[in-house]
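A quick write-up on the structure given underneath.
All of the numbers you see were taken from the coordinates with simple rules; none came from a lab. These numbers were taken from a predicted model, which means no experiment stands behind them. Ideal geometry is used to build each Cβ from the backbone, glycine not excepted, and the neighbour counts take in all protein chains shown.
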Amino acid sequence: MSHPEPSSLTVPPATRLAGRIRVPGDKSISHRALMLSALAVGESRVEGLLEGEDVLATAAALRAMGARIERDGAGVWTINGFGVGGLLQPAAALDMGNSGTSTRLLMGLIASHPITATFTGDASLSARPMERVITPLSRMGADITASPGGRLPLMLRGLCPAVPIEYALPVASAQVKSAILLAGLNTPGITRVIEPVLTRDHSERMLAGFGAEVLVEETSRGRIISITGEAELRPQSIVVPGDPSSAAFWMVAASIVPGSDVTIENVGLNPTRAGLVTALRMMGADITEISPRTVGGEPVADLRVRHAALRGITVPHDLAPSMIDEYPVLFVAAAFAAGRTVARGADELRVKESDRIAAMRAALEASGVQVTEHEDGLSVDGSGGDAIPGGGTVATQLDHRIAMSMTVAALHARTAITLDNVSPVRTSYPTFFDQLAALSGEVA
Ligand code: S3P
């Protein structure tokens with residue numbers, strides 16, 4: 001995988017945003033579609049796959065372990081899988097680039113196969129905690145040697161047959177849950193994950209869609225997901241819905257730039273992902289759902305978003321898991337609301353592609369916004385809808401969501417905002433700046 005050169009960008013204010021766009025495929029679902037297709041015997045087809053660097057890192061790793069993966073056209077891919085238990089020994093280290101999801105889910109996949117893999121990544125990924133997957137996967141029998149602090153680079157030697165476990169998640173993490181379920185696929189017996197707090201459920205949905213035996217029970221201990229091992233997956237045809245985490249940037253941009261009217265097509269609205277829509281509506285956003293439907297087993301709608309006067313709120317803590325990746329852009333919405341927004345209950349933000357609490361505090365302060373940092377979030381004093389001062393230079397910290405969130409903030413600033421490095425945007429949303437140009441009537 002290539003590690004892109006830093007490229008800075010100065011983003012001027014926009015007069016209004018208008019038009020229709022279709023956001024790229026969901027990142028979480030794209031990773032899972034490739035992985036489960038690789039574990040099915042025969043040919044699967046995926047339409048609407050996100051072709052960002054993170055997902056391409058997953059594809060490259062699966063190829064290195066024996067899957068045949070081909071691109072037939074824009075977003076259309078075919079995968080010839082090797083079957084559960086059929087992973088081959090990769091010849092070289094697996095370069096995960098910036099992608100925590102690729103790393104943690106593939107660690108799970110490999111943990112119950114008799115192969116050894118070395119995982120490497122960029123500076124951001126190499127600073128992220130892997131202990132959260134090392135602990136349960138070691139209990140299943142994997143032998144993992146990590147760099148100090150449980151970080152990348154690390155080497156994982158899988159065990160086959162692995163040992164089924166019952167594991168209560170100590171952190172609300174869909175990646176940890178998914179790593180254990182994927183390891184459970186090639187493990188005799190039943191592997192159980194207990195999640196006290198509901199996190200995105202794409203793995204459970206898709207595993208069932210591929211024919212795995214997955215049981216989900218709501219209990220007083222939380223949600224228990226059981227997977228029966230030594231599964232046989234059947235190849236599927238999957239349509240990936242648009243990514244709500246990518247749509248989030250346009251939801252906020254259209255809400256804060258006066259005169260805007262944007263329709264975002266094909267947005268995935270799985271309840272475990274749709275927290276930002278709820279939070280923005282509480283703030284007074286004007287969001288209409290058009291043509292609700294089901295795509296690839298996931299609820300989807302087009303969203304029409306018009307400029308609106310936002311007001312500050314206290315974001316309910318229980319919304320946090322369903323909008324965890326949207327906090328940076330929620331902080332931006334808060335910067336334009338009337339009064340104070342308190343957005344807390346999200347300490348996991350500290351261990352994302354960057355420390356998103358510290359990064360957004362610094363970025364907003366550099367843009368003239370008043371912010372108070374908490375251990376688990378930010379309080380933001382909004383402009384009441386006026387343009388923010390802007391004018392500063394923002395450090396994006398190798399974090400795509402900081403780069404895109406601050407691009408959105410710049411669209412309603414008095415003076416242009418400079419971002420030191422927007423190349424990480426390619427990890428999740430390669431067409432972001434082209435779509436911005438289209439909506440603002442500029443030439444890309
Ligand atoms: C993801 C889960 C979340 C999210 C990440 C994608 C996934 O991470 O932040 O962008 O696809 O399972 P955590 O599991 O660390 O919460």
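Among 141-149, 27-35, 68-76, 309-317, how do they line up by average Cβ neighbours within 10 Å per residue, starting with the highest? Walk me through the intermediate numbers first.
On the way: 141-149: 14.4, 27-35: 27.9, 68-76: 12.8, 309-317: 18.0.
Order by mean packing, descending: 27-35, 309-317, 141-149, 68-76.
Taking the simple approach of a point 7 Å from Cα along Cα-to-Cβ for both THR288 and ARG304, what is their distance in nm?
0.3
Taking the 0 to 90 degree range and rounding to the nearest ten, how far is the long axis of helix 400-410 tilted relative to the main principal axis of the chain, both from C-alpha atoms?
Rounded to the nearest ten degrees, it is 10.
Using only DSSP helix segments of four residues or longer, with each worth -39500 (n - 2.57), what per-residue ellipticity at 222 nm results for the chain after dividing by its residue count and rounding to 500? Kindly include the intermediate steps, with their values, before the conclusion.
Values: 12 runs with 126 residues, N = 444.
Helix-only estimate at 222 nm: -8500 deg cm²/dmol.
If you take the square roots of the eigenvalues of the alpha-carbon gyration tensor of region 27-238 and sort them as a ≥ b ≥ c, do you get rounded (a/c under 1.5), prolate (a/b over b/c) or oblate?
Values: a/c = 1.38, a/b = 1.09, b/c = 1.26.
It comes out rounded by the Cα gyration axes.
Tell me, SER7, SER440, SER260 in order of fewest to most beta-carbon neighbours within 10 Å? Don't jump to the answer; show the numbers that get you there.
Working: SER7 11, SER440 19, SER260 25.
Result, fewest neighbours first: SER7, SER440, SER260.
Any chance you could list P(r) for region 42-83, counting all Cα-Cα pairs in 10 angstrom bins from zero, rounded to whole %?
31, 61, 9
Taking amide H positions as placed 1.01 Å from N in the peptide plane, with prolines and chain starts having none, which residues 5 or more places from GLU166, or on another chain, fall under 5 Å of its amide H?
Long-range HN contacts for GLU166: ARG192.
Gain in length, ASP355 to GLU232, computed as 0.36 nm per residue apart minus the alpha-carbon separation, to one decimal in nm?
Numbers: separation 123, 0.36 × 123 = 44.28 nm, distance 3.95 nm.
Here the answer is 40.3 nm.
When a footprinting reagent is the concern and you count Cβ atoms within 10 Å, what order do VAL239, VAL332 take, fewest first? Mind showing how you got there, number by number?
Details: VAL239 20, VAL332 31.
Least crowded to most crowded, the residues run VAL239, VAL332.
How big is the chain by Rg and Dmax over its Cα atoms, in Å?
Rg and Dmax of the chain, Cα atoms, are 21.1, 61 Å.
Rounded to the nearest 0.05, what FRET efficiency is calculated for GLU213 and ASP261 with R0 set to 60 Å and r the Cβ-Cβ distance?
Numbers: r = 47 Å, r/R0 = 0.78.
For R0 = 60 Å, the calculated efficiency reads 0.80.
Rounded to the nearest Å, what's the spacing between the alpha carbon centres of region 72-147 and region 383-399? Just the number, please.
Using only Cα atoms, the two centres lie 36 Å from each other.
Report the local net charge at GLY150: Lys and Arg +1, Asp and Glu -1, summed over other residues whose C-beta lies under 14 Å from its C-beta. Numbers along the way, then the final one.
Values: positive: ARG104, ARG128, ARG132, ARG151; negative: GLU131.
Net of charged neighbours comes to +3.
Going by how many other Cβ atoms sit within 10 Å of their own, how do THR135, THR294 line up, fewest first? Numbers along the way, then the final one.
Values: THR135 14, THR294 10.
Fewest-to-most ranking of THR135, THR294: THR294, THR135.
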